[in-house]
Structures are given as C-alpha cells and as structure tokens.
Amino acid sequence: MSAHGLAAAPVNRKFFTPGVGVLMVLAAIAGGLALYRFVFGLASMTNLDDRYPWGLWIAVDVATGVALAAGGFTSAALTHIFHRGRYLPVVRPALLTAMLGYTFVGLGLMVDLGRYYNIWHPAWPTMWQGNSVLFEVGMCVMAYLTVLYIEFLPIVCEWSRKGGRLWGPLAVFQNPVKRFLEVAERTLSKTMVVFIIAGVVLSCMHQSSLGALMLIAPYKVHPLWYTPILPLLFLLSAIAVGFPMVIFESMVSAKSFRREPEMHVLTPLSRLALLFLGIYMAAKITDLMVRNAYGHLWDGSFASTMFMVEVGAGVLLPFCMLLSGRVRRSPSWLFIANTLIVLGVALNRINVYIVAYQPHYATHRYVPSIGEILITLGLIATLMLVYRVFVTIFPVLPAVEGDALPALGRRAEG
Amino acid sequence: MELNRRGFLHLLGAGATCMCAGPALGESNDPTEDDGMAMLVDTTECIGCRKCEFACDQAQGLSGRSRESFEDTSVFDQPRRMVADAYTVVNRYPQPNTPDQPIYVKSQCMHCVKPACVSACLVGALTTAENGAVVYDAGKCMGCRYCMVACPFEVPAYEYSDPLTPRVRKCVFCFERVKNEAKIPACAEMCPPMCLTYGKRTELLALAHERIAKYPDKYVNNVYGEHEVGGTRWLYLAAKPFEELGFLTLGDKPIPQLTETLQHSIFKFGIPPLLLFGVLGAAITAFKDDSSHGAASAKDASSSKPKGVS
C-alpha cells in the first residue's frame, strides 16, 4: 500500500529560538532531578506514600501520555484502513507524536518504578501473570511501541533515499545503514498493512485496559468515576481525543514554524472529532444515569467540582462549540475547542488516577511535589525538542514551498 | 472475495455478538480455598501488650528495636497503620462507657482467600503459597506498586527511601518459619492462645461461631473476614460492631472478580483481538479511497461522507 502518500519534507527553519531555549532549560532541570531521584530514592523527590502509591507520574506521564498519543492509531485507521486519503498530511506528524509519546511513557515509568532495572520482567515468560490488567497493558504498550517504530521506518527510508546522511562519528555506519534501509523499504512496502492493523488492535486493547486498571480498587475510586464500563469509556475517550490532538499539534507546529494552519484538512477532521466526542459524551452521561451516580455531582466536594470541570469544560463546551460551522472554519476558535478536548481527556485521566483515588486510611490528600511536577514538565519539554529535531531532519510535515531542503542533512543529493 | 460496505457492517455486527458471548464464563472456583491455614483474633482478649509487634519484629528481622521500645503505650494515642518495618500494629479504641477497658485491635495483612494484590501483580512477585499465605518475591518485583493500589485493606507498605532495592512490605504469615521450622507464626507463639489462635480456616470459623453461640452477650454475631472480599485468612471476633473498631465495611465479592472476568472475556484465547484484526483487514478492501488525486475527489467530497463508521 502507498504508505504515506502525499509529499512531506524536512522543515527548513532555524532550530534555536527563545522557545527552544526554554524547553532546553526545563529538560536540563528534569535531567538533574531525575539523577537525584535515582541516587536518593523516591521518598527524596515525591509526595508518594503508603496510602498514595501512584501519583503525578503515573497519572500524567503514563496514563495521559498514552491517551494523547491516540492520534497515531486513529489517524492511521482513518487514512490507511478507511482510506480517507485527504487526511494523509496529518498522518506522519501524528505517527511521530505517538512514537515519541510512547517512548516517553517508558521514560516516565522508569523514573517512577522502584526497581526500574526489572522493567523487562513482564516480557519474560516465567513471570507472565495473565490475570493482571497491568500485564496486559505492559505487553500491549511494548508491542505497540515496536509497531510504531516499524511504522516510522518508511520515513527514515525516504530520508535515506533522498540523500539523508549520518553525521559526525556516526558516518562510519553510513553504508550498512543505507543498505539496511533499502531492504527495509522493500519489505515494508508489502507488509505495512499488517503493522497498521496490528497498531490499531493493540491500541484498542491497551487504551481500554488503562481504564480497567482502576477497577481493582472498588473501595477507593470515587463513584463518579468507578464504573464497570471504565475500560469502554477510556477507549471512547482515547478515540475522541485522537483527532483533536492531531489538530492541536498541527496548529501548534504551524505557529511554531510560521506556517499557515492546514484548515482544508483540519476543518473536516474536526467534524469527525465532533462525532467521536459525541459518542464519548453520550456513553459518559448514560453511565452516570444508569448507575444513579449523578447524586454525587451536587455534594459540593472537591471530587464533584473536578468532575463538573472535566465534563463541562472538557466535553460539553467543546462539543457545543464544534457544532458551529463558524468555529470549525476559524483557526483560533478551532484551536480553542480542540485544546479544551485535549485538556478534558487529560483531566479525566488525572481525575481517575488521582482525584477519584480516596483511600480510607489517608490522613491527608496527595498533592504532587515540585520535583514531580518539574520532572513531568521536563519530559514534555524533551519530547517537544525531539519532535522538533525529527521534523527538521525527516520528511514528516507536509512540504511547503521554500522548505524543501533538509536543514541538518548538510547536503541534499537527488 | 467481494466485500462492500454493507457486507462489512454485517461482519462488524457478527463480531460484536461474539465478543458479548464471553463474559458469562470466567470465574474459576478454587476447591482448596478452605484448606489453607488461618488465624483467629479474639479482640475481647487483647490487653494491648504489643508483644505480638515485638515478636514479629524479631522473627522477620524488621526494625531490630529493643523489647522495651515495644512496651511504650503512648503510641496508642494516635491511630497507626503498618509501615515498611512494622508488619503488624495494635491500635486502641477507647470505650466511653468503660474508660478503663479500651478495646485493642491488632492489624496486619489479612491474607485474602482471593487476594487483589496477587491478581494485580504483573510479574507474579506476589503469590498465594500452598497453605494460603500471600507471599512476596522481591527478586521478581518491578516496584510498580499496583499491589498497593489494589489492596482493599491498604496493607502493603513500601520502602520509598531505598533508591536501589525497595521492597513491598507486609505480613507474610511467617511462611518460611511455618514451613521450614514447623513453628506457628511468631505473633501467635508470643500471645496467649485465647487471643490469637492459628489453625485450619474451616476449623477456626467453627470455633469462632462456637464462641459466639456460647457467649452471645460478649460478642457481636459476626466474624470479620468470613465473607469480606470473598473471605480472608485472618478472622476477627469483637464485642463491638466492627466499623467502630477501625474495620472497613467491605462487600462479599472477591476484589479481582470484575477485572479478571473482563480481562479473560475480552482477550479469550486471543479471539476478540484477532477478530478485530480481521474486521479491520476486511475494512481495508471494503472502503474506497477518497484521496484527492484523480477523478474521485470531486464526487467524494460531496456524496460519500465518512459518517458513522470511519
């Protein structure tokens, strides 16, 4: 199959800007703090304790990270399985975000795990524990990360074919790498469809299981969120946030590289976003009604306020906004509406994993420490930096006039 | 094989039906569930001497504090929970009517018959030993702490300060000691037998109900742990309703039942994922390309909108 279709090209813009400087500072701070955590232990850095074993790093770095990487499988399914070819320009950036997103889920997990060097244990057959939802999540995420790297390989092949060269001391590997990529390109052109479908299946599995994780704590998770259909809600919300995340990123990177937002793709995509957000909203509200849990909405607690903000500002408001054609056609309104959806799903993950988690013997509430927050911010900053490096080297973003030359490739050969 | 969009939708419906058929099965019944060992705690007999805490500390090599430090009764002023170097703690519950006779309650891992932590652990670091004790293998553990999320009694503690080899810490029912040295758990050995009784779970339940029947004025008619979360191996007798003594009110359903049923029906023999794989594969041939190159584009933009399925 024609893997990625439309012309994409490396971005030809100056790499260092003040914004990049800020990101580098955040990344450096996080690097230092991570080192500190590895030397002095979790207690020295986090506000985690025996009552609150999971905090910001699991809720945001892992759970939210996985949800917001959903643009990868939703746009792959849309273009390569349901053949909506007009959306091809967003597939490569979404794929890159997913690939980096899942890689950083792994990095975030390394900081949080007490015995991070045992992270390979779930892959070892003698330690498989099929009853564990976390086992399923772990295996799927590992498998999907591999699939994402494979899906990204054609982009690297294209880079090589168009004269991309390894730089610095890596140049000694130039020839073997080039040969490997040629073989990979030939093999993948025939088999890519298998990986694309596998990616969608694996995503559906672990996106839903991420919700099933908290079903093991029926007496600790607040009834506004605890429902047997939590896995379904997680899957639906991941699908619902996929396209908004793609739109969000596309507009942020357009702004960053001083390009015109691709409204001819984003406006129709927002109609799909509206559809899936509607399905999620219907499921969420129906669930609340069926379980008679809506009584908790008006008890004035912190949890009820957070639920109202999550559903009100993160689901209902953007849904109503996107109903209007004017919003879908206006770059700034479209950006606002989709940012709300992205924040809404992020808040949902934070709510399920932190706010809803209410252990009986707790003497105080868990609030993330400055160190936890800075490491999370640093991870996000590093992800954005790597994204910027990748789109500068590889043909990821749609080709724009004047941007055809690879900036870091030194020389472009035909 | 000619597959159009209508045919694809039929396939989708068939797939959904198959997936819904699963959940009826799934629950496995462990025939040995009552064969294991257990401990009966008669809280009416406890005098708050904290010797069980000391015995546990010694036997498990925990904090290594002196015997005298365990005689300090000022710890009763604040409610305590188990921590990384204390597998068991005794708490005091003052009684307004009889101020000189407070009620003492010993807490530790309840050793559930269907433990949530064992079900949650993704690498099998927590397992149920043959006599029923829930034991921990630090060598397998990744330190994800999902067991702590899962435990309904909030028992497992963690060595957050250890940067390299932190462990999940909880009562292991003196498993090694019982198995290798043919002894009973250290706390029970130290405590007068009326207060802590070690034995087969079935026999202890019978004994507990016998005591209740014999002294109906002394006990509430309830054995905590008989049914809670599907049964636990630590059973309690008390003179007061258990919720007044720091016990959580928990239902009878085993905690892992929902997740395991969901998990094993959604992934039953890998059929549903493979089915989804097939459905998506079929979709690839069923859906026409709408890409903007070629003649298809103009027509496509107006007529076949990707409603519903895409």
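Using θ = phi - 60° and the Karplus form 6.51 cos²θ - 1.76 cosθ + 1.60, what ³J(HN,Hα) does each residue of segment B:227-241 get, whole Hz, x for Gly and Pro?
Karplus-based 3J(HN,Hα) across segment B:227-241 equals 10, 3, 6, x, x, 10, 8, 9, 10, 10, 10, 8, 8, 10, x Hz.
Per the Kirkwood formula on distinct C-alpha pairs, the Rh of chain A is how many angstrom?
Across chain A, the inverse of the average 1/r is 22.5 Å.
Give me the distance between the Cα centres of segment A:14-80 and segment B:98-138, rounded to whole Å.
Here the answer is 34 Å between Cα centres.
How large is the accessible surface of residue B:80 in square angstrom, using a 1.4 angstrom probe and rounding to the nearest 10?
50
Is there a simple number for the mean count of other chain Cβ atoms within 10 Å of the Cβ of residues in A:45-53, and what is it? Could the numbers behind the result be given before it?
Numbers: counts 1, 1, 0, 4, 5, 13, 4, 3, 15.
What the average comes to for A:45-53 is 5.
Helix A:18-40 against the longest principal axis of chain A: what's the angle in degrees, Cα atoms only, rounded to the nearest 10?
Around 60 degrees separate the two axes.
From the helices alone, meaning DSSP H stretches of at least four residues, give me the mean residue ellipticity at 222 nm for the protein assembly as shown, per-run term -39500 (n - 2.57), in deg cm²/dmol to the nearest 500.
-15500 deg cm²/dmol, from helical runs alone.
Farthest toward the dipole's positive end in segment A:151-214, which of A:195, A:176, A:210, given Cβ charges of +1 (Lys, Arg) and -1 (Asp, Glu) about the Cα centre?
A:176
Between beta-carbons, use under 11 Å as the cut-off and find the net charge around residue B:134, counting Lys and Arg +1, Asp and Glu -1.
+3
How large is ³J(HN,Hα) for each residue in segment A:296-313, as worked out from phi by the Karplus curve 6.51 cos²θ - 1.76 cosθ + 1.60 (θ = phi - 60°), to whole Hz, x for Gly and Pro?
Coupling constants for segment A:296-313: 5, 5, 9, 7, x, 6, 4, 4, 5, 4, 4, 5, 4, 5, 4, 7, x, 7 Hz.
Arrange the residues A:54, A:333 by how much accessible surface each exposes, largest first, with a 1.4 angstrom probe. Can you show the working numbers first?
Details: A:54 20, A:333 125 Å².
Final ranking, largest accessible area leading: A:333, A:54.
Out of residues 5 or more away from residue B:158 or on other chains, whose amide H comes under 5 Å of its own, with H placed 1.01 Å from N in the peptide plane?
B:84, B:169
Taking the Cα centre of chain A as origin and charging only Cβ (+1 Lys, Arg; -1 Asp, Glu), how large is the dipole, in debye to the nearest 20?
980
Which whole number gives the average, over all residues in B:277-290, of C-beta atoms from other chains lying within 10 Å of the residue C-beta?
5
Find the centroid of the Cα atoms in segment B:211-283 and in segment A:229-281, then give the distance between the two in whole Å.
Using only Cα atoms to place each centre, the spacing works out to 40 Å.
With labels modelled as points extended 7 Å from the Cα through the Cβ direction, what inter-label distance (nm, one decimal) is found for residue B:269 paired with residue A:360?
Output for this residue pair reads 4.1 nm.
Which value, in debye to the nearest 20, gives the size of the charge dipole of segment A:113-196 about its Cα centre, when Lys and Arg are +1 and Asp and Glu are -1 at the Cβ?
For segment A:113-196, the charge dipole is close to 360 debye.
Could you tell me which residue out of B:133, A:283, A:45 lies farthest along the dipole of the protein assembly as shown toward its positive end? Charges go on the beta carbon: Lys and Arg +1, Asp and Glu -1, centred on the Cα centre.
Result: A:283.
Heavy-atom accessible area of residue A:390 with all protein chains present, probe 1.4 Å, nearest 10 Å²?
It works out to around 50 Å².
Treating the angle as unsigned and between 0 and 90°, give the value, to the nearest 10°, between the Cα long axis of helix A:331-350 and the longest Cα principal axis of chain A.
Long axis of A:331-350 versus the principal axis of chain A: about 50 degrees.
Treating the beta-carbon of each Lys and Arg as +1 and of each Asp and Glu as -1, no other charges, what is the dipole magnitude of the protein assembly as shown about its Cα centre, to the nearest 20 debye?
2820
Using the basic label-point model (7 angstrom from Cα toward the beta carbon), what is the residue A:189 to residue B:220 distance in nanometres?
7.5
Measure off 7 Å from each Cα along the Cα-to-Cβ vector at residue B:210 and residue A:182, then give the distance between these two points in nanometres to one decimal.
Between residue B:210 and residue A:182, the label points sit 8.6 nm apart.
The values are calculated or read from the model by the stated rules, or taken from the named source; none is laboratory data. Quick caveat: nothing in here was measured; it's all calculated off a predicted structure. With ideal geometry, Cβ positions are generated from the backbone for all residues, glycine too; neighbour counts draw on all protein chains shown. For accessibility, only protein heavy atoms count, side chains too; no ligands or nucleic acids. Shrake-Rupley method; radii C 1.70, N 1.55, O 1.52, S 1.80 Å.
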